[in-house]
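Here's the structure, in structure tokens; my notes come after.
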Amino acid sequence: MADLSVRLAGLVLRNPFLLASGIWGESGDSLSGAWSAGAGGVITKSIGTAPRPGYPNPTVETYERWGLLNAMGLPNPGIDEYPREIEVARRAGAPVVGSVFAGDAAEFARLARRIAATGVVAVELNLSCPHAEGFGTEVGSEPEDVERIVRAVVAEVRLPVIAKITPNTSDPAGLAAAAEQGGAAAVSAINTLRALAIDVHLRRPVLSHGLGGLSGPAIKPVGLACVWQIFEAVSIPVVGIGGIRTGRDALEYVMAGARAVEIGTAVAFDGIGVFERLNRELSALLDEIGYARLEEAVGAAHTKL
Ligand SMILES: Cc1cc2nc3c(=O)[nH]c(=O)nc-3n(C[C@H](O)[C@H](O)[C@H](O)COP(=O)(O)O)c2cc1C
């Protein structure tokens, strides 16, 4: 049986499958449930300074074949309330990564310090939500901003800092390089792709917010291209995200350069049992190809024959 454990920015994960931010991570019980179901680690939903209700419904549209369109509006209970959920997940033994979003470098640094104090193993910076005014992509689309934010957070916390990069840009590798320059221990890519659906009878967008973000199988090729380019641009580890639903999808990301991967929409579509299946499928595929350890496959598709 191939060894699926991976080292990521000083952490050792039992397998590469992390629960992605925003899906299933609302409570300590759901986070620990993902860990019990076989995830290698769990990422909290993105937490901000103050509670946010998110946008009114409808916030999600489901496309059976290719994924989800969502504009949740970063609903979250705020940093004063959420740490008790992290505590529940930690007590269950899960390595918890704390995801935060903020409007500027100083707010990111304050939030990161608060979440670091909860015992999380790393902090992921949401620099990439495509549909929240004043946050996400709006503060994470310019390399200078990404570098400044990461630098401010790195100065504040002693934990590995993971910068989550947007695909809604012409140069995701440039953003990743800026994150590395700022001291990030790893970069994760991608967040959702800016997208829209129209209800022709109502003559208005389907989602209350109008624009949303697309996730799921449709975005896998985009995520793979971003990871591929980022892997060639940085020397810190890359975490691949976007449309992973099978062990084979995960191995594509690993061969493109990812050291670990995050799973979002597949949890919504297939249930939390997806982690057990992903582990099984990836392990069988590595055996079939002839890898003893997953880490041997990282970036394998870049090797020129
Ligand atoms: C309903 C929903 C909520 C999300 N919320 C967050 C969030 O709070 N923070 C974040 O960084 N990403 C968030 N994401 C993006 C996911 O973490 C992930 O980057 C994206 O969905 C692509 O992966 P997937 O195709 O496996 O879903 C959200 C995605 C969805 C579908």
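Brief remarks on what is shown
- Total formal charge among the other residues, if their Cβ is under 13 angstrom from that of LEU211, Lys/Arg +1 and Asp/Glu -1: -1
- Scoring 225-238, 131-144, 33-46 by mean Cβ neighbours within 10 Å over their residues and listing the highest first yields 33-46, 225-238, 131-144.
- Alpha carbon centroid spacing (whole Å) that separates the stretch 171-228 from the stretch 40-62: 15
- Formal net charge of residues neighbouring GLY136 (Cβ-Cβ distance under 15 Å; K, R +1; D, E -1): -3
- The stretch 1-113 - Rg and Dmax from Cα coordinates, angstrom: 15.4, 47
- Magnitude of the charge dipole for the chain, about its Cα centre and with charges confined to Cβ atoms of Lys, Arg (+1) and Asp, Glu (-1), is about 260 debye.
- For the chain, the fraction of 1.4 Å probe accessible surface lying on carbon and sulfur atoms is 53 percent.
- Ordering PRO130, GLY67, GLY38 by Cα displacement along the dipole of the chain toward the positive end leaves GLY38 in first place; charges were set at the Cβ atoms of Lys, Arg (+1) and Asp, Glu (-1).
- Here the chain carries DSSP beta bridges of which approximately 35% are antiparallel, counting only pairs with both residues inside.
- Theoretical ellipticity at 222 nm over the chain - DSSP helices of four or more residues, -39500 (n - 2.57) apiece, nearest 500: -10000 deg cm²/dmol
- The chain: most fluctuating residue of VAL206, VAL261, VAL120 per GNM, C-alpha cutoff 10 Å: VAL206
- Förster-model FRET efficiency, 41 Å R0, ALA284 and ALA50, C-beta, rounded to 0.05: 0.35
- The amide H of ARG194, built 1.01 Å from its N in the peptide plane, has LEU214 as neighbours under 5 Å, considering only residues 5 or more places off or on other chains.
The values are calculated or read from the model by the stated rules, or taken from the named source; none is laboratory data. This structure is a prediction, so every number in the text was calculated from the model and none was measured. Every residue, glycine among them, receives a Cβ derived from its backbone with ideal geometry; neighbour counts consider all protein chains shown. Note: areas computed on protein heavy atoms with side chains; ligands, DNA, RNA excluded. Shrake-Rupley method; radii C 1.70, N 1.55, O 1.52, S 1.80 Å.
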